[in-house]
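Only one structure is covered here, and it is reproduced in the block below.
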Amino acid sequence: MIKKAILPVAGLGTRFLPASKSIPKEMVTVVDRPAIEYVVKEAVAAGIEQIILVTHSSKASIENYFDRNFELETTLETKKKFDLLKEITEILPSNISVISVRQPQPLGLGHAVLCAKTVIGDDDFAVLLPDVLVKDLSETNNDLSLMIQRFNAVRASQIMVEAVPDHLVDQYGIVDVAS
């Protein structure tokens, strides 16, 4: 059973420039939440229990987002802002752990995944690119859930892809698939 997911977040975010010059692309908000939260929620809905962030020193805001902020929580509690307190304390269910490992230099997606090897060990795992959002976050219907089900059935690696225009190929990871 797949319970671990690697989220490579160490990249420079050039596809999101100029916004990613000062804020990690994964922290760009979609409505009222950073994009990475949607990706993590998809993983949690699919049964993932451990999130491994492969990160870079400039991405501390991502780690901080999933960490507790006791000063803020105490202030909200003191001011009786219980709805906001609930929002920030329930970003992740209590059974989910987030671990960070560093990618020391930008050597690509494969290298980022390899950086998580000591945490993954011999376990099966998912890799989620945190700048790709999906529509359905329900446990039985989201793309990751379906991929995990298929993996469990056939015991073969799964990959989700989408077509991109030729002029954008240099901005994406590319695979060659038979038509």
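The values are calculated or read from the model by the stated rules, or taken from the named source; none is laboratory data. All figures in this text were calculated on a predicted structure; none of them were measured in a lab. Here the Cβ is made from the backbone with ideal geometry for all residues, glycine too, and neighbour counts use every protein chain on show. The area values use the complete protein model at the heavy-atom level, side chains included, leaving out ligands, DNA and RNA. Shrake-Rupley method; radii C 1.70, N 1.55, O 1.52, S 1.80 Å.
The table below gives the values:
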item	result
The lone exception for Val101 - which of (1) assigned to a strand (DSSP E or B); (2) farther than 26 Å from Met147 by Cα it fails	(2)
Residue identified as open to solvent by 70 Å² or more (accessible area, probe 1.4 Å), among the basic types (Lys, Arg) and on the phi > 0 side of the Ramachandran plot among Lys86, Lys80	Lys80
Test: residue in region 55-65 that is in a loop (DSSP other than H, G, I, E, B) and surrounded by fewer than 15 Cβ atoms within 10 Å (Cβ to Cβ)	no
Residue within region 147-167 that is at pLDDT below 80, surrounded by 10 or more Cβ atoms within 10 Å (Cβ to Cβ) and in a loop (DSSP other than H, G, I, E, B) present	no
Where Glu71 falls short, out of the listed (1) part of a loop (DSSP other than H, G, I, E, B); (2) loosely packed, with under 11 Cβ neighbours inside 10 Å; (3) free of Cβ contacts under 8 Å to residues at least 24 places away in the same chain	(1)
Count - residues of region 97-110 that are open to solvent by less than 50 Å² (accessible area, probe 1.4 Å) and over 13 Å from the mean Cα position of the chain (by Cα)	3
Tabulated pairs, region 1-24, first surrounded by fewer than 18 Cβ atoms within 10 Å (Cβ to Cβ), second assigned to a loop (DSSP other than H, G, I, E, B), C-beta under 6 angstrom, 6+ apart or interchain	Lys3/Glu49; Ala19/Val28
